[in-house]
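K.L.:
Questions regarding the structure given below will be posed in turn.
No value in this document is a laboratory result; all are computed from the given coordinates. Bear in mind that the values here come from a model prediction, so they are computed numbers and not experimental data. Virtual Cβ from ideal backbone geometry, glycine too; neighbours counted across all protein chains shown.
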Amino acid sequence: MFVDAVKVRVHAGNGGRGCVAFLREAFRPKGGPCGGNGGKGGDVILEADANVNNLVNLHYQPHLRAKNGNPGGGKDKDGRHAKDLIVKVPCGTLIWKLLDTAEDSPNEKSGLPSENAKPQAASIEPDVLPDVCEGIRHHEDPELRDATLYGDLTESGQRFLLGCGGRGGLGNKNFATAQRQFPRFAQPGEAGTEGHFFLELRILADIGFVGYPNAGKSTLLAALSRARPKIADYPFTTLKPNIGIIKHEDFHQTTICDIPGIIEGAHENAGLGHAFLRHIKRCKALAYLVDIAGTDGRQPWDDYRQLRNELKAYDPSMLKRPAIILANKMDEPSASENLKRFKKEIDQIRIIPIAAAFDQGLDMVKQAFRKAAERSSKASLG
Ligand SMILES: Nc1nc2c(ncn2[C@@H]2O[C@H](COP(=O)(O)OP(=O)(O)OP(=O)(O)O)[C@@H](O)[C@H]2O)c(=O)[nH]1
Ligand SMILES: [Mg+2]
């Protein structure tokens, strides 16, 4: 199962309670206060891992609860800190904070001041997440419009503190003064933070494929890389995104992403809908794959226009992304005639004729992908 979006409930561990104790030993009947401090509650941490490719583990276990810290003990024994809960997520996971409902607020239960309940946004680093620092960013989906972007895990090993474990309470030994030599109280542990989050995977690749079903996207992915997606002559063979890596002769690599086919009305949920477009949203450049032979009875130029309409309905900014048109199935008899007409009808961007199933035109595709990705990185840097 492939899961690219999941809502999770986070509950960091509470701090252990401080201890009230007094030392009683032979020859020291009034040894003074000796209550130890409570241990810290466990944090809930997300860690990006290149070996994880989707959020399925969180789909089955959406409640992330870290352990509580141990309470302090007598004879100055401090409680043990709880272990952090570290959850592995794929690179490209966005973390959106959802508004908490009143009944979920931890303060209702713990009676602690409201600051304790706030999730920690402190782990956002400006260089990691420039668009968050520019201002609060809300989710584009109207159903999630209250969700604000908290973090973005793009590189393997990068971590995000989703829930902060509560501090352990101080034991009574900390409250002894000259005037109050036997304090009969200690601090309770602080509550760990709680919150609801929406985790969304948006794959990070250089080139994203967009095309109608059966256009040959998976065939091209298999021809360019070592990925082995399912290929068949019926629509919607591909049901989840597939990633491949093109290895160039000078060891440079270009990552490509094949997603399920898009059809007219995808933005209204026709076919598999347009949710998979989220995976090409962060690609540096797009490759429109059209079946130039029109084997499914459609006209390739209509396909191209329709694909652009669907992208526009999903997110108009995607039309500004650098793009290449790949005219696939050039081995078919009607292809050359159609290509001429296609060039007349659509003349804005570059068209590369290929036959993915017969490895024709692939060298040109590799170079074009590499250049488009490089151009796009330069543009975003400068
Ligand atoms: N003649 C010819 N057939 C091709 C070519 N490339 C792909 N095909 C065929 O087109 C059909 C669909 O190919 P896929 O790669 O599964 O197409 P897709 O775009 O991934 O389709 P979905 O996963 O359903 O979106 C298969 O039967 C392929 O063998 C080509 O260059 N020439
Ligand atoms: Mg496919």
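K.L.:
Counting other C-beta atoms within 10 Å, which of M364, M318 has the fewest, and how do the rest follow?
P.N.:
Working: M364 15, M318 19.
In order of increasing Cβ crowding within 10 Å: M364, M318.
K.L.:
Taking only the alpha-carbon positions of segment 261-336 and ignoring solvent, what does the Debye formula give for the base-10 log of I(q)/I(0) at q = 0.16, 0.19, 0.22, 0.23 Å⁻¹?
P.N.:
-0.60, -0.81, -1.03, -1.09
K.L.:
Amide H of V210 versus every other amide H placed in the peptide plane: which residues, excluding those fewer than 5 positions away on the same chain, fall under 5 Å?
P.N.:
HN-HN under 5 Å from V210: A287, Y288, L289.
K.L.:
Past the 30 Å Cα-Cα mark, which pairs from K40/K281; K7/K329; K97/K281; K88/K173; K7/K366? Each step should come with its number before you reach the end.
P.N.:
Working: K40/K281 40 Å; K7/K329 41 Å; K97/K281 20 Å; K88/K173 40 Å; K7/K366 38 Å.
Those over the limit are K40/K281; K7/K329; K88/K173; K7/K366.
K.L.:
Starting from the 7 Å offset along Cα-to-Cβ, what nm value, one decimal, do you get for the label separation of K344 and E249?
P.N.:
Distance between label points: 3.9 nm.
K.L.:
Still on this structure: Counting DSSP beta bridges with both partners in the chain, what percentage is antiparallel, nearest 5?
P.N.:
Once the DSSP bridges in the chain are tallied, antiparallel ones form about 55 percent.
K.L.:
Another question, if that's okay. Within 10 Å, Cβ to Cβ, of A323, how many net charges do the neighbouring residues add up to if Lys/Arg are +1 and Asp/Glu are -1? If you can, show how the numbers build up before the last one.
P.N.:
Details: positive: R308, K320, R321, R350; negative: none.
Residues near A323 contribute +4 overall.
K.L.:
Once all Cα-Cα distances of the chain are split into 20 Å bins that start at 0, what whole-number percent is in each one?
P.N.:
Once binned at 20 Å, the Cα pair distances of the chain give 25, 42, 21, 10, 2, 0.
K.L.:
In a shell of Cβ-Cβ distance under 15 Å around G271, excluding G271 itself, what net charge do Lys and Arg (+1) and Asp and Glu (-1) give? Don't jump to the answer; show the numbers that get you there.
P.N.:
Numbers: positive: K217, K240, R298; negative: E264, E268, D296, D303, E310.
Local charge sum for G271: -2.
K.L.:
May I pose another question? Considering the options G163, I246, I292, tell which one lies farthest towards the positive end of the dipole of the chain, charges being +1 on Lys and Arg and -1 on Asp and Glu at the Cβ, about the Cα centre.
P.N.:
So the residue we want is G163.
K.L.:
Give or take rounding to whole Å, what are the principal axis extents of the alpha carbon atoms in segment 255-382, in descending order?
P.N.:
Answer, in whole Å and largest first: 42, 35, 26 Å.
K.L.:
Charges at C-beta only: +1 for Lys and Arg, -1 for Asp and Glu. How large is the resulting dipole of segment 207-381 about its Cα centre, in Debye rounded to 20?
P.N.:
Numbers: 27 positive and 20 negative charges, 157 e Å.
Around 760 debye, computed over segment 207-381.
K.L.:
Could you tell me the center-to-center distance, by alpha carbons, between segment 165-185 and segment 138-152 in angstrom?
P.N.:
43
K.L.:
Continuing with the same structure: To test your reading of the geometry: what angle, between 0 and 90 degrees and rounded to tens, separates the Cα axis of helix 335-345 from the longest principal axis of the chain?
P.N.:
Taking Cα atoms only, the helix is inclined about 70 degrees.
K.L.:
If you don't mind, there's one more thing I want to ask. Check V89: other-chain or 5+ apart residues with amide H under 5 Å from its amide H, H built from backbone geometry?
P.N.:
For V89, whose amide H was placed from the backbone, the distant partners under 5 Å are E47, A48, D49.
K.L.:
Determine which residues of segment 39-63 fall in the zone a paramagnetic label at K7 would reach in this model, i.e. backbone nitrogen under 17 Å from the point 7 Å along Cα→Cβ.
P.N.:
What the label zone holds, given the 17 Å backbone N cut-off, is 58-63.
K.L.:
Given R₀ = 51 Å, FRET efficiency for E25-N51 by Cβ-Cβ distance, to 0.05? Write out the running numbers ahead of the final one.
P.N.:
Details: r = 55 Å, r/R0 = 1.07.
Once the sixth-power term is evaluated, E becomes 0.40.
K.L.:
Can I ask one more? Of G211, L201, A186, whose Cα points farthest to the positive end of the dipole of segment 158-214 (charges on the beta-carbon: +1 Lys, Arg; -1 Asp, Glu; origin at the Cα centre)?
P.N.:
A186
K.L.:
Further question on the same structure: What number comes out for the charge environment of G35, summing +1 per Lys or Arg and -1 per Asp or Glu over other residues with Cβ under 11 Å away?
P.N.:
Working: positive: R17, K75, K77, K173, R184; negative: D76, D78.
Taking every Cβ under 11 Å from that of G35, the sum is +3.
K.L.:
Helix-only estimate, please: 222 nm mean residue ellipticity of the chain, summing -39500 (n - 2.57) across DSSP H runs of length 4 or more and dividing by its residues, to the nearest 500.
P.N.:
-5000 deg cm²/dmol
K.L.:
Nearest 20 debye, what's the magnitude of the dipole of the chain about its Cα centre given +1 on Lys and Arg Cβ and -1 on Asp and Glu Cβ?
P.N.:
Values: 52 positive and 47 negative charges, 325 e Å.
The dipole of the chain has a size of about 1560 debye.
K.L.:
Shifting gears a bit: Which of the listed residues, L85, A357, S334, is farthest toward the dipole's positive end in the chain, when Lys, Arg count +1 and Asp, Glu count -1 at the beta-carbon?
P.N.:
L85
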